[in-house]
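Notes follow once the structure below has been shown.
The values are calculated or read from the model by the stated rules, or taken from the named source; none is laboratory data. No experiment lies behind these values; they were computed from the predicted model shown. Positions of Cβ are generated from backbone atoms using ideal geometry, with glycine treated the same way; all protein chains shown enter the neighbour counts. These area figures cover heavy atoms from the full protein model, side chains too; ligands, DNA and RNA do not enter into them. Shrake-Rupley method; radii C 1.70, N 1.55, O 1.52, S 1.80 Å.
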Amino acid sequence: AKNCHFLAMISNLYSHYGGRLTTGTSEHLYDALSQDEALAPFFANVDMDNLREHMADFIGSVTGGPKIYEGRPMVEAHEGFAITPYHFQRVALHLHEALITAGISAAHAEAILAEITQLRGAIVNQSD
């Protein structure tokens with residue numbers, strides 16, 4: 001029953017928060033990532049506006065919004081980078097902070113993070 005409640009909560013967040021959840025979180029996230037010494041090098045030669053848009057679409061798609069994410073599959077999008085569990089955890093911390101900064105409740109931020117953390121295996125491709 002808890003899992004059903006969790007999925008129902010996630011699927012309604014897009015309509016509850018709208019652009020704060022998608023665009024707001026994406027903006028805050030990539031501002032933080034570009035300032036993080038351990039993560040900034042990953043974004044040195046990346047079109048950040050395009051990345052922000054993809055992340056906003058992705059967040060919308062996992063929280064009940066339109067399924068308009070058209071980025072590459074997660075494995076393919078991250079395979080050119082040596083991403084360790086440490087890097088993944090740093091991004092997760094920044095994502096949590098970005099959600100809170102965008103005005104998402106702590107409980108909803110945790111639920112979104114739990115959903116996205118399921119992608120860890122598709123993103124992490126190096127050991128620490």
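Remarks
- Selection within the range 57-76 - touching a residue at least 24 places away in the same chain (Cβ under 8 Å), out of contact with any Ser or Thr (no Cβ under 6 Å at 6 or more places or on another chain) and in a helix (DSSP H, G or I): 57, 62, 74, 75
- Pairs meeting the criteria (first residue in the range 39-56 and outside any helix (DSSP H, G or I), second residue open to solvent by 40 Å² or more (accessible area, probe 1.4 Å), beta carbons under 6 Å, at least 6 apart or on different chains) are 39/90.
- Flag for residue 65 being more than 15 Å from residue 109 (Cα to Cα), at pLDDT below 95 and open to solvent by 30 Å² or more (accessible area, probe 1.4 Å): no
- Verdict on residue 104 being touching a residue at least 40 places away in the same chain (Cβ under 8 Å) and either in a helix (DSSP H, G or I) or surrounded by fewer than 17 Cβ atoms within 10 Å (Cβ to Cβ) (or both): no
- Unmet requirement for residue 44, which otherwise passes all of (1) under 24 Å from residue 87 (Cβ atoms); (2) modelled with pLDDT of 90 or more; (3) surrounded by 13 or more Cβ atoms within 10 Å (Cβ to Cβ): (3)
- Residue 58 passes every criterion in (1) open to solvent by 20 Å² or more (accessible area, probe 1.4 Å); (2) more than 30 Å from residue 128 (Cβ to Cβ); (3) in contact with a Gly (Cβ under 7 Å, 6 or more places away or on another chain) apart from (2).
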